[in-house]
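These notes concern the structure reproduced below.
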Amino acid sequence: MDGKRPTIASLHGMVAAAHPLAAQAGAKLLALGGNAFDAAAATAAALNVVEPFFSGLAGMGMATCYIAAEQRVRTLDFITRVPSKFPAGRFSKREEMDRGALACGTPGALAGWCELVKSHGRKKLHDIFAPAIALARDGHMLLHFPAACTQKAVRELAGFPFYDDWRGTYLGHGSGEPGLGTVMRQPELARTLEIIAAEGPEHFYRGPLGRQMIAHVQSLGGCLTMEDMAAVSPVWLDPLSAEYRGLRVHTLPPPCEGFQFLLTLRILDGFPLGAMERNGVDHLDVVWRAIRLAAGMRIAHNKPGPAALARMLAEEDVETLRAGLRDPRPVVGPTEQWAPREPDPAKEHTTSFAVVDREGNAVCVTQGLGAPFGCGVVVPGTGICLNNFLYWGEVDTRGTNPLIPGTDLALPMAPAIVTRADKPVLLLATPGGYGICQTQAQALVQHVDFGLAVQDAIEAPRARLWDGQRVLAEGRLAAPTMAALRGRGHDIEVTQDWSILVGGMQGIAIDPETGAMTGGADPRREGYVSVP
């Protein structure tokens, strides 16, 4: 195979996820007669076990779905609002709420998983959670990336008063350091999932498990209340979409910040990328500058209303941005929400996965805890690790994404489904904080404009743009190309050949004529494609 991964294809369903055991959990549900919605929830729950640093039932997330019975794309937003008792104005900088109970937003992930199943699945929660329960009870061996994440968490959390609870949950109470080959068992989480499978999500959101969590959070100074928990309700929304090369790309509307991804594509639709040298100077220069222009618009117009958003994506306004791209002068500006800001990728990890079934249903999800192991607080006796998604808001209440009690929290996720003639042909999603919309655009261009298979498009070298003119580029790009790009105003720093800083993407392509599915899994993580 010339050193390349084999192509994974199927006519009967497929799951692409960031961990082999999670992909297999979803594929098992497909094999047992579940559909894509069942398999998505099973994959999400399994990721809670095998990637507890990035996923958890106390996290948040978003899904973009193609519902075959309705022949349409819909989105599910399970990002909760800022807690009702959050002390707005207390903090002067967001770093003050990086870790600890006050950084925790109201959990939305469990509600999202259950809503997928309730609305469009066909299996019971007992079946959905069975693979995750077995993995948590029996244990799993840490792979390279999970081992590294867990080792880093040990160093970062050791000084906090809640560290013993965290270590006991994931590593036991011994003094040994986690590493490749360590077997992680989570019997408390297994029991929690068993109870939820029997009692339903109400046990968490309005019942004794929720009360136990709230009591612990408040004992550590957190602001969550049972009223916040009872108010959790995932929201089904029509997607935001845009045309690109005869395709329609769908993702979530605001307060989701995925409109940056669509605006990037709208700008690029005016340039003949396919006629350029792939990974050459012109290709990368145009894509990077389009990303920077779109990021600037997202930052300046965060949470736009429907009318403002329609104008932003309309041909007249997009053509004005294209004119700026035709100007050879460098595009200089912010790409993060807060500028200036030094990159801190250690605080930007989520996870993404894609699922398709034989009936034509498709589900693309991005979920997370905000940072590795979220706020670091584990509810004793439950195996539940809490998120730190409030870290992603602005402590300055005059900002564009302020932490004001009861308001929507905007996050830069963009799980996408691409359709041709109203049928899904591609699912694509990645983690990576404010790099998500950058990575989505770069990979889509490789697949659509240059014709790469989805696995090859995901493996193609990528870059992460930071504020100003700074670019962090993978070392597989040709040195003469990077030198020429520096001459065009890109301040390039070279990172590893395969860098987690540019995301960990998963995708599935679907042939609309045959129904054949081919999967792509990112080697920057332990990405894996599994079939029933």
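Residue-wise HN-Hα couplings along region 446-458, as the Karplus relation 6.51 cos²θ - 1.76 cosθ + 1.60 with θ = phi - 60° gives them from phi, are 4, 6, 7, 7, 10, x, 6, 4, 4, 5, 5, 5, 5 Hz; Gly and Pro carry x.
Take the alpha carbon atoms of region 397-422, find their center, do the same for region 428-452, and report the distance between the two centers in whole angstrom. Here the two parts' Cα centres lie 18 Å apart.
Report the longest stretch of the chain that contains none of the GluC sites (Glu not before Pro) sitting in a DSSP loop with at most 14 other Cβ atoms within 10 Å. Longest stretch, sites excluded: 71-276. Across the chain, C-alpha contacts under 8 Å between residues 6 or more apart give a mean separation that, scaled by the residue count, equals a relative contact order of 25 percent.
Relative contact order for region 26-145: 35 percent, from Cα pairs under 8 Å spaced at least 6 residues apart, divided by residue count. Each residue of region 259-270 was assigned a 3J(HN,Hα) from its phi angle through the Karplus curve 6.51 cos²θ - 1.76 cosθ + 1.60 (θ = phi - 60°); the sequence is 4, 4, 4, 5, 5, 4, 5, 4, 5, 5, 5, x Hz, with glycine and proline shown as x.
Let a ≥ b ≥ c be the square roots of the eigenvalues of the Cα gyration tensor of region 41-189; is it rounded (a/c under 1.5), or, if not, prolate (a/b larger than b/c) or oblate? Here region 41-189 falls in the oblate category. Computed from phi, the 3J(HN,Hα) profile of region 377-393 under the Karplus parametrisation 6.51, -1.76, 1.60 (θ = phi - 60°) reads 8, 10, 6, x, x, 10, x, 8, 9, 8, 7, 10, 5, 5, 4, 8, x Hz, with x in place of Gly and Pro. Within region 381-397, which residues have the backbone N less than 18 Å from the label spot 7 Å out from Lys93 along Cα→beta-carbon, could you tell me? Output list for this probe position: 391-397. Each pair of Cα atoms in region 148-232 enters the Kirkwood radius, and Stokes-Einstein at 25 °C and 0.890 mPa s then converts it into a translational diffusion coefficient of 165 µm²/s.
For region 351-427, what does the alpha-carbon gyration tensor say about shape, rounded, prolate or oblate, given a ≥ b ≥ c as the root eigenvalues, a/c under 1.5 as rounded, and a/b over b/c as prolate? Oblate.
In summary, the aspartates and glutamates within cross-link reach of Lys124, defined as a Cα separation below 20 angstrom excluding same-chain residues under 8 places away, comprise Asp38, Glu115, Glu194, Glu199, Glu202, Asp357, Glu359. The equivalent ellipsoid of region 274-432 has semi-axes of 31, 24, 17 Å, largest first, where each one is the square root of 5 times an eigenvalue of the Cα gyration tensor. Counting every C-alpha pair in region 1-122, the share spaced more than 23 angstrom apart comes to 44%. Using just the helices of the chain, give the 222 nm mean residue ellipticity in deg cm²/dmol: DSSP H runs with n ≥ 4 each add -39,500 (n - 2.57), and the total is spread over all residues, rounded to 500. Mean residue ellipticity, 222 nm, calculated: -10500 deg cm²/dmol.
P(r) tail, region 478-532: Cα-Cα pairs separated by more than 19 Å, 54% of all pairs.
One Cα centroid belongs to region 56-72, the other to region 209-249; the line between them spans 13 Å. Computing Rg and the Kirkwood Rh from the Cα coordinates of the chain gives a ratio, Rg/Rh, of 0.94. Shape of region 460-507 from its Cα gyration tensor (a ≥ b ≥ c, root eigenvalues): rounded if a/c is under 1.5, otherwise prolate when a/b > b/c, or oblate? The shape class here is oblate.
Cross-link check: pairs Lys93/Lys152; Lys85/Lys303; Lys85/Lys123; Lys28/Lys423 evaluated at a Cα-Cα cut-off of 28 Å; pairs beyond the cut-off: Lys85/Lys123. For Arg155 and Leu220, the FRET efficiency from 1/(1 + (r/R0)^6), where r spans their Cβ atoms and R0 equals 22 Å, is about 0.60. Relative contact order, percent, of region 397-489 when contacts are C-alpha pairs under 8 Å separated by at least 6 residues? Dividing the mean separation by the residue count of region 397-489 yields 15 percent. Residues whose amide H comes within less than 5 Å of that of Thr495, counting only those at least five positions distant or on another chain, are Ala473, Glu474, Gly475 (H built at 1.01 Å from N in the peptide plane).
Readers should treat all values here as calculations from the given coordinates under stated rules, not as data from a laboratory. Note that the structure is a prediction, hence the values are computed from the model and not measured. Because the Cβ atoms are built from the backbone with ideal geometry, glycine has one as well, and the counts that use them run over all protein chains shown.
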